[in-house]
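**Student:** Once you've had a glance at the structure underneath, I'll fire off some questions.
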Amino acid sequence: MNRNPRMINPVLEKEFRLRMRTIRAPLALLAYLAVIGLLALGYIYLAMQNYGMNGFTPEASRGLFYFLSGAQIVLVCFMAPGLTAGVISGEREKQTLSMLLTTQQSSSAIVLSKLAAALSFMLLVVFATLPVYSIVFLFGGISPGQLLSAFGIFALVMIMLGSLGVMYSTLFKKTVVAIIMTYGTGLFLYAFTGLLAMFLMGVAGAGMRLEAGLLLGLNPISAMLGLFEPDFEGEFFRGGPAGLRLWHVFVASHAAIAALAVATAIRLLRPVPRRSRRAA
């Protein structure tokens, strides 16, 4: 079948073929779904032990949704850096980056194609868990809009961590270093800032309420709880900017970090010599 070669980026087509034609892709998908399914069944079993074997209440179903979403965020944070932190450094280690740079593909096309190929597999894995979330709809407690909001949070986490992985993969020559730096940055943004927010609330109390809320807005679990439980975020932004919510901080910060990381990766992929910069 003939097709127009301009319909798809050659780099993106190559990445799709390399990722989807190996046995690792279905095995990774199977392992991910198995972990999510076992976690859901384990939660249902423990909840029914507490409520009795005669029923599973909507309140327990809502708790299952929060539990699955939290587990999904943790798994996404674990998988996304591993999928993206070696896309450029791996080409450099295989000594194929120079050939890739001599093609007609621009730096932005190469970086965005590598990022899109890695994130497309991650999106496939996440959306494959929709049948597991159907258990929540079976017992009630969560609306379809809330489910879409949760998946939007998953997508933003993937894009931000994936962009950081591509940036570090371009910046460092070794894939191991890029992976460590991506995990370290994610740990700082999601764990350290949350601990710092709790420390500020514990030490300064109401005086640092707004600062603690801004730090918690970086955490996807806090943003999700603030989106679904307005009382959770009410104490942080009381008396602050009108209408400010945790998910506003989350979306703005993650979009800005992702854009900055992608722009940095594009800039570093083909560094401009100092003489050329002076001439320009």
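**Student:** Report the residue count in the stretch 108-119 for those that are under 22 Å from PHE250 (Cα atoms) and open to solvent by less than 40 Å² (accessible area, probe 1.4 Å). If you could, list the steps in order and put the result at the bottom.
**Tutor:** Narrowing the stretch 108-119 to residues under 22 Å from PHE250 (Cα atoms): 115-116, 119.
Still in the running and open to solvent by less than 40 Å² (accessible area, probe 1.4 Å): 115, 119.
Going through the stretch 108-119 one residue at a time, the tally reaches 2.
**Student:** Please find, among GLN95, GLN49, the residue that is open to solvent by 40 Å² or more (accessible area, probe 1.4 Å) and part of a loop (DSSP other than H, G, I, E, B).
**Tutor:** Selected residue: GLN95, the only one of GLN95, GLN49 that is open to solvent by 40 Å² or more (accessible area, probe 1.4 Å) and part of a loop (DSSP other than H, G, I, E, B).
**Student:** For the structure I just gave you, tell me whether LEU225 is part of a loop (DSSP other than H, G, I, E, B) and modelled with pLDDT of 75 or more.
**Tutor:** no
**Student:** I need every pair where a residue in the stretch 102-121 that is in contact (Cβ under 8 Å) with a residue 60 or more places away in the chain has its Cβ under 7 Å from the Cβ of a residue that is assigned to a helix (DSSP H, G or I) and among the polar types (S, T, N, Q), sequence separation at least 6 or different chains.
**Tutor:** Hits for this filter: LEU115/THR84; LEU115/SER163; ALA118/THR84.
**Student:** Based on this model, can you work out whether ALA155 counts as modelled with pLDDT of 85 or more and open to solvent by 40 Å² or more (accessible area, probe 1.4 Å)?
**Tutor:** Considered against the rule, which asks whether it is modelled with pLDDT of 85 or more and open to solvent by 40 Å² or more (accessible area, probe 1.4 Å), ALA155 comes out as no.
**Student:** Hey, another quick one. Name the residue that is farthest from ARG19 (Cα to Cα), counting only residues in the stretch 121-147 that are surrounded by 15 or more Cβ atoms within 10 Å (Cβ to Cβ) and polar (S, T, N, Q).
**Tutor:** GLN146
**Student:** Looking at the structure I just gave you, is GLY90 in contact (Cβ under 8 Å) with a residue 24 or more places away in the chain, over 23 Å from VAL251 (Cβ atoms) and in contact with a Lys or Arg (Cβ under 9 Å, 6 or more places away or on another chain)?
**Tutor:** Details: in contact (Cβ under 8 Å) with a residue 24 or more places away in the chain: yes; over 23 Å from VAL251 (Cβ atoms): yes; in contact with a Lys or Arg (Cβ under 9 Å, 6 or more places away or on another chain): no.
No, not satisfied.
**Student:** Being within 28 Å of LEU97 (Cα to Cα) and either surrounded by fewer than 16 Cβ atoms within 10 Å (Cβ to Cβ) or at pLDDT 90 or above (or both) is the requirement here; does LEU164 meet it? Before you say what the answer is, go through the steps one by one.
**Tutor:** Numbers: within 28 Å of LEU97 (Cα to Cα): yes; either surrounded by fewer than 16 Cβ atoms within 10 Å (Cβ to Cβ) or at pLDDT 90 or above (or both): yes.
Criteria met by LEU164.
**Student:** With respect to the numbered conditions (1) modelled with pLDDT of 75 or more; (2) more than 30 Å from SER120 (Cβ to Cβ); (3) open to solvent by 60 Å² or more (accessible area, probe 1.4 Å), which one is the sole condition not fulfilled by PRO26?
**Tutor:** So PRO26 meets the others, but not (2).
**Student:** Next question, about the same structure. Open to solvent by less than 30 Å² (accessible area, probe 1.4 Å), within 27 Å of VAL11 (Cα to Cα) and in a helix (DSSP H, G or I): is that true of GLY70 in this structure?
**Tutor:** So GLY70 does not fit the description; no.
**Student:** May I ask you to verify whether GLY82 is closer than 20 Å to ALA258 by Cβ, of a type in the set (Gly, Ala, Ser) and surrounded by fewer than 19 Cβ atoms within 10 Å (Cβ to Cβ)?
**Tutor:** For GLY82, the condition - closer than 20 Å to ALA258 by Cβ, of a type in the set (Gly, Ala, Ser) and surrounded by fewer than 19 Cβ atoms within 10 Å (Cβ to Cβ) - is met.
**Student:** Continuing with this model, one more query. Return the only residue of ALA150, ALA206, ALA178, ALA191 being open to solvent by less than 30 Å² (accessible area, probe 1.4 Å), farther than 25 Å from ILE44 by Cβ and either among the small types (Gly, Ala, Ser) or at pLDDT 85 or above (or both).
**Tutor:** None of the other options fit; the residue is ALA178.
The values are calculated or read from the model by the stated rules, or taken from the named source; none is laboratory data. Small disclaimer: the values here were computed from a predicted structure and weren't measured. Glycine gets a Cβ as well: all are built from the backbone with ideal geometry, and neighbour counts include every protein chain shown. All accessible areas refer to the heavy atoms of the entire protein, side chains included, with ligands and DNA or RNA removed. Shrake-Rupley method; radii C 1.70, N 1.55, O 1.52, S 1.80 Å.
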